[in-house]
Amino acid sequence: RVSPSGYTKKGLSLDEATDALLEAADLCSLYNYFCKGKYIWTNFITSAKRHKTPAERTEEINIALFKSKRVTDIQKLEIELQNYSSLLPYRWRASKFVGIDLSGYEKDTPPENFYEDFLPAQKVCLFITIHAGEEASADNIWQAVFKLHANRIGHGLSLIEHKSLMELARDTQICIELCPYSNMHTNNLTGERIKKYPLYTFLKEGLNVTINSDDCATTGKSLSDEYVKAAEFFYFSEANQLEIKKGEFERIPLTKWEILRLIKAGFDNAFINRYEKAQLLRWVEEEIYEKILQLYNYEPIYPIDKPNYYAKNFDIR
């Protein structure tokens, strides 16, 4: 998530700043792909800030709409690299803008206030995620869903207070983006307050949940740290009480399979098209299966010593 106007303070125009972000992401991912054997695909979500003026938000959103249709020489390279014999199964992808976000302090700035700002993004069917329900009531989440047509909800902690809305989120699989360290700081989640964190309830109710690093620069925490904190919140949830004998209870830890479920949800809710998502999930699942087989000393199913075997033999188009 990025607010491109924040990169214009040293003389760059908004268009130049946005291009710089995209080109830097492409250069970084190409370097990792060819030189380090790592696949990193960075896409951007424009973050429209609640505290900015309508004109500033409109400018940010419009640049994202324009850059979502990015056609450059480096995207031509993407096509040329499809048959590259890499040790990685993944096909390199150029970066682009894929969605719109509304962020900033929620109090006194409910999502419905920004209906007009988000209309252009809705008209071209761009993906939308809204920060709602972290420090305000579930009504903000309701507005994000029904007024701004959010595909994902940033944080959404107060969703647990609105039973029918939580059921709707479950049944329609609206993604809830939990950010444990950010949530801990904004909601003072220490001591007994840890027990109120909704991850346990969300998972047990079948909600579509992801674990995210909301702001690494502020928290100083990695995504792995976020998963550790999520496991802690899960374990100490007041809803996590399994009766083992009459009057005796124990807590249930977050299992490895539930962690894999959360990781998969991260891929499954990415703001990319259906074909790209299915292909990416296929590659990721094959890699995970290989690691599981190796862990239990089984022979791998796929010939991992043959470069580009997956890309050539598992094209699901």
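Could you provide, to the nearest whole Å², the per residue accessible area of the range 112-169 with probe 1.4 Å?
Ligands and nucleic acids excluded, the figure is 43 Å² per residue.
So, counting K/R as plus one and D/E as minus one, what does the shell of residues with Cβ under 15 Å around H155 add up to?
-4
From the phi of every residue in the range 14-26, what ³J(HN,Hα) in whole Hz does the Karplus formula 6.51 cos²θ - 1.76 cosθ + 1.60 yield, where θ is phi - 60° and glycine or proline is x?
4, 5, 5, 5, 5, 4, 4, 4, 5, 5, 5, 5, 4
Strictly over 24 Å apart at the Cα level, which of K221/K291; K76/K277; K38/K76 would you flag in this model?
Those over the limit are K221/K291.
With an 8 Å cut-off on Cα pairs and a minimum separation of 6 or more residues, tell me the relative contact order of the range 217-298 in percent. Numbers along the way, then the final one.
On the way: 30 pairs, mean separation 12.4, N = 82.
Over the range 217-298, the number comes to 15 percent.
Quick one, which of [x] 39, 21, 17; [y] 32, 30, 16; [z] 50, 30, 13 is the actual semi-axes √(5λ) of the Cα gyration tensor in Å calculated for this model?
Computed from these coordinates, semi-axes √(5λ) of the Cα gyration tensor in Å corresponds to label [y].
Using a 1.4 Å probe over the heavy atoms of the protein chains, calculate the carbon and sulfur portion of the accessible area of the chain as a whole percent.
Ligands and nucleic acids excluded, carbon and sulfur give 54 percent.
Which trypsin sites (Lys or Arg not before Pro) in the range 188-273 pass both tests, a DSSP loop state and at most 12 other beta-carbon atoms within 10 Å?
Details: sites: R193, K195, K196, K204, K221, K229, K245, K246, R251, K256, R261, K264; in loops: K221, K246, R251.
Answer in residue order: K246, R251.
Once the principal axes of the Cα atoms of the range 100-235 are found, what is the range along each, listed largest first in whole angstroms?
42, 33, 26
Could you order Y235, Y296, Y105 by accessible surface area, starting with the largest, using a probe radius of 1.4 Å? Intermediate values should be presented prior to the final figure.
Values: Y235 85, Y296 145, Y105 185 Å².
Result, largest first: Y105, Y296, Y235.
Farthest toward the dipole's positive end in the range 45-177, which of I176, Y90, A150, given Cβ charges of +1 (Lys, Arg) and -1 (Asp, Glu) about the Cα centre?
Y90
Remind me, relative contact order of the range 126-182 in percent, using alpha carbon pairs under 8 angstrom and six or more residues apart?
Answer for the range 126-182 is 34 percent.
Which whole-Hz ³J(HN,Hα) couplings does the range 60-68 yield from phi under the Karplus relation 6.51 cos²θ - 1.76 cosθ + 1.60, θ = phi - 60°, glycine and proline marked x?
Ordered by residue, 3J(HN,Hα) equals 4, 5, 5, 5, 5, 4, 5, 6, 5 Hz.
The values are calculated or read from the model by the stated rules, or taken from the named source; none is laboratory data. Keep in mind that this is a model prediction, so the values were computed, not measured. Virtual Cβ from ideal backbone geometry, glycine too; neighbours counted across all protein chains shown. SASA here: full protein model, heavy atoms, side chains in, ligands and nucleic acids out. Shrake-Rupley method; radii C 1.70, N 1.55, O 1.52, S 1.80 Å.
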